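Every read-out reported here was derived from the displayed coordinates using simple, explicitly stated rules and does not represent laboratory data. Since we're looking at a predicted model, the values are computed, not measured. Note: ideal-geometry Cβ built from the backbone for every residue, glycine included; neighbour counts use all protein chains shown.
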């Protein structure tokens, strides 16, 4: 695993915007092709195997949570449990997820967390860095079969869908969410699915029919949403999820909240202690004694309110609006340091298979929403 500096392509902004990548430089550079990372095939094999292993461990942990009714530990509302259990029993498939991993190219990868409900950076990992590679070093390979796998998996999901359109929804105001949602919709169109885009605030409710509707008051029976379930719990329309007579097919399915919640980290450690791909994690901070550890809100986004604790004192913390619901605590495993640059590996699962990776690089050991996306390729 090596880090190199290089010159960005001529007119790179124009090139990525032609792909639809419109949020490459919001307030500061996000896409950064003046840097790239390289890996050898043996390292990619390690990452791929670790990703498959972690997915299997997470499946077993979800089953453990459901069988033992551990929803309160994950702060899941009682009213949401029936949706979780129904979607789990129906084996409702999911499209994608992203493991955030520590990896230095030498030692086994370690799981920081699983972004399993609304993971972003998909478009840049699947498409933008691939087109960069084809122009920058066409003869090289990349850990990236994401685009093809997404299209194939939409074909697999098609028989699970109810009759009618598959809607795609996200919140207004985020170009990243919009592009990610539209990219997934484009893949579904290529899989010959009938689709339509909606913003979350355009989803209606038809009281006499007791179902969700689109802008033409047509029932919504299938919907992909780039919108966290824990946000939906706070919305006025949340009770309608339970009352919906159509039992709309939601993607990602409700059972994915078990993985999206950081409470899954101590459960994984309880079930698989000392596993080489896991970090010690607990619901109680005192389990670490005088050792350094990281405090993570049980529900949060983009590294907000994550803090590093040493000798009982916070030595580093990100600002944010999360943490009021409580925290989990994980052993401190600082990211590899490349001259003050700290990369985290985002290893993607499409369907149930490892499919590729993206790298986010920060100036600190806590990855945030201002971290840069860095492309990679495989050296022979």
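Find how many whole Å separate the alpha carbon centroid of segment 336-367 from the alpha carbon centroid of segment 119-137. Between the Cα centres of segment 119-137 and segment 336-367 lies a distance of 14 Å. Using C-alpha pairs below 8 Å separated by at least 6 residues, the relative contact order for the chain is 24 percent. Considering the chain as a Gaussian network with a 10 Å cut-off on Cα pairs, which listed residue, 313, 185, 13, attains the greatest mean-square fluctuation? In the Gaussian network model the winner is 313. Counted over all Cα-Cα pairs of the chain, pairs farther apart than 29 Å make up 42 percent. Note on the chain: GNM, Cα springs under 10 Å; of 198, 268, 101, the largest mean-square fluctuation is that of 198. Comparing segment 144-224 with the 2.2 N^0.38 Å rule of thumb, its C-alpha radius of gyration ratio is 1.15 (two decimals). Per the Cα gyration tensor, segment 43-169 maps to an equivalent ellipsoid with semi-axes of 31, 22, 12 Å, ordered largest to smallest. When DSSP beta bridges are restricted to pairs lying wholly in the chain, around 70% turn out antiparallel.
From its DSSP helices (H runs of at least four residues, each -39,500 (n - 2.57)), the chain gives a residue-normalised ellipticity at 222 nm of -8000 deg cm²/dmol.
Ordering of 213-220, 367-374 by packing is 367-374, 213-220, highest average first (other Cβ atoms within 10 Å, averaged per residue). Pairs of C-alpha atoms in segment 206-339 farther apart than 17 Å represent 68 percent of all such pairs. Global dimensions of segment 4-106 from alpha-carbon coordinates: Rg and Dmax equal 20.5, 57 Å.
Can you grab the distance from the C-alpha centre of segment 1-77 to the C-alpha centre of segment 199-273, Å, no decimals? One Cα centre to the other: 24 Å.
Mean-square fluctuations from a GNM of the chain, with a 10 angstrom spring cutoff on Cα atoms, peak among 299, 96, 238 at 238.
Of the three principal axes defined by the Cα atoms of segment 280-331, the extents in descending order read 27, 20, 15 Å. Pop the C-beta distance of residue 45 and residue 2 into the FRET formula with R0 = 25 Å and round what comes out to the nearest 0.05. So, using R0 = 25 Å, E works out to roughly 0.90.
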